[in-house]
Amino acid sequence: MADEGLDPYPIWVAEVMLQQTQLQVVLPYWQRWMKAFPGLEALAAASEQQVLLLWQGLGYYSRARRLHATSRLLLAELERTSADLNDPLQFSHWPVDPEIWLALPGIGRSTAGGILSSAFNSPLAILDGNVRRVLARLHAHPEPPMRAQALFWTWSEALIDAVPGFSRDLNQALMDLGATVCTPRHPSCEVCPWDALCAAYASGSGSPQQYPVKEAPRNIPFQVIGVGVVLKESGEVLIDQRLNEGLLGGLWEFPGGKQEPGEEIIDTIRRELREELAIEVSVEQALITVDHAYSHKKLRFEVHLCRWISGDPQPLASQQVRWVKPSELSDYPFPAANARIIAALLEHLD
Ligand code: SF4
C-alpha cells in the first residue's frame with residue numbers, strides 16, 4: 001500500500017523539468033513556476049502563453065505544453081475521484097497506479113517511477129542520466145547504455161528490491177550520488193560508499209570516466225537561416241507562432257527559413273516570407289548574425305531588417321501571425337536564440 005505521501009504536484013513539475021536539463025539550471029525555473037502556479041488548479045487555469053513564457057530558455061518546449069495539457073487531465077481525474085468520495089480536492093487522491101501516469105502526455109517510465117517513489121514511496125525504479133552513469137560504472141558496462149536499456153532497468157529494479165519500503169530514499173540517494181559524487185568528469189571515488197562494489201573503480205585509476213561508453217561522435221549538420229524582422233510604417237513588427245510539433249513548437253519567432261545552396265541571404269529572406277506568409281518585403285540592412293548550437297544541429301541566423309510592402313500576412317507555415325509593438329515582444333515566449341535578435345532590434349529603434 002502507498003504511504004501517506006508527499007504532494008505530487010511540485011515533484012511532478014520538477015521531474016518533467018529535469019527530463020533533459022540539469023538541476024542547477026532547473027532550480028530557478030522551478031521556483032518561479034511554483035510561485036506562478038502553486039498547484040494543479042492554477043496550472044490548469046493558465047493560458048498556454050503564460051506557461052511557455054515561464055518555460056522560456058529551458059528548451060524542449062513540448063515538455064511545457066504537455067505539462068499544461070496533463071494538468072487539465074489530472075485535475076479532471078482528481079475532481080472525479082473527490083466527487084466520488086465526497087471529499088475536498090487533496091493530493092492523497094492523485095493516481096498511484098503507474099499505468100495511469102504512463103498514459104498521460106510526457107510521462108515515461110523513469111518519470112512515473114520518480115514521481116510515485118518520491119510522492120508515495122511506491123517501489124518503482126528510475127533510470128535518468130545520473131542513474132545510468134552510476135550503473136554503467138558499477139558494472140563497467142562495455143556498450144552505450146541506450147543499447148542495453150532492458151539490462152539497465154533490471155539493475156535499477158534490483159536496487160529497489162534490495163531495500164523494501166525505502167524506494168523514495170533509494171532513488172533519491174542514487175540521483176544524489178550521480179549528481180554530486182559519481183559526476184561525469186571527476187568522480188570522487190575515494191568518498192563513494194560503493195567504491196568496494198564498483199567494477200569501473202576496481203579496474204584502475206582513470207577508468208571510471210570511460211563509462212558510460214559513448215556512441216561514436218556524429219557530424220552535426222550546419223545550416224544558415226535567413227530571418228526577416230519586418231516592420232511597417234506604424235512601427236509594428238511581424239512575428240509568427242510555430243506549429244506545435246518539434247523542439248521549439250508553440251514558440252513565437254521572427255519569420256524566415258533555410259538558405260538554399262547558391263542563394264543570396266537577401267533572396268532567401270524574400271522567398272521565405274513570400275512562401276510562408278504571402279507578403280512582399282524590401283530586405284534592407286543586416287541587423288545581427290546569431291550562431292546557436294542545438295544538440296543535433298548548428299544554426300547561423302542572418303537577420304535583416306525588412307520593410308513591409310504588400311500582402312496581408314497569412315500563417316501558411318505557422319499557427320498564427322501577429323503585428324506587435326516592439327515593446328510588447330517580451331509578452332511572447334521566444335526561443336533562446338531570438339533574445340539577441342530582440343535586443344538588437346530594440347537597440348536599433350532606440
Ligand atoms: S566508485 Fe567511483 S565510479 Fe564507482 S560508483 Fe562510486 S563514484 Fe562512481
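Coordinate-derived values only; no laboratory data. Only a predicted model underlies this, so the values are computations on that prediction, with no experimental measurement involved. Glycine gets a Cβ as well: all are built from the backbone with ideal geometry, and neighbour counts include every protein chain shown.
A few remarks follow.
- Tensor-based shape of the range 222-349 (alpha-carbon gyration tensor, a/c under 1.5 rounded, otherwise prolate or oblate): rounded
- Prolate/oblate/rounded call for the range 127-217, Cα gyration tensor, a/c under 1.5 rounded: oblate
- Near the amide H of LEU243, within less than 5 Å, lie the amide hydrogens of GLY250, GLN319, all on another chain or at least 5 residues away, with H placed in the peptide plane.
- For the range 195-284, the gyration tensor built on C-alpha atoms gives a prolate shape. Its axis ratio a/c (a ≥ b ≥ c) is at least 1.5, and a/b is the larger of a/b and b/c.
- The Cβ shell under 12 Å around PRO315 holds other residues with a net charge of -1, Lys and Arg each +1, Asp and Glu each -1.
- As a proxy for reagent exposure, ranking HIS186, HIS304, HIS93, HIS348 by other Cβ atoms within 10 Å from fewest up yields HIS186, HIS348, HIS93, HIS304.
- Other residues with beta-carbon under 15 Å from the beta-carbon of GLU263 carry, at +1 per Lys or Arg and -1 per Asp or Glu, a net charge of -1.
- Distance between the C-alpha centres of the range 250-313 and the range 90-157: 42 Å, rounded to the whole angstrom.
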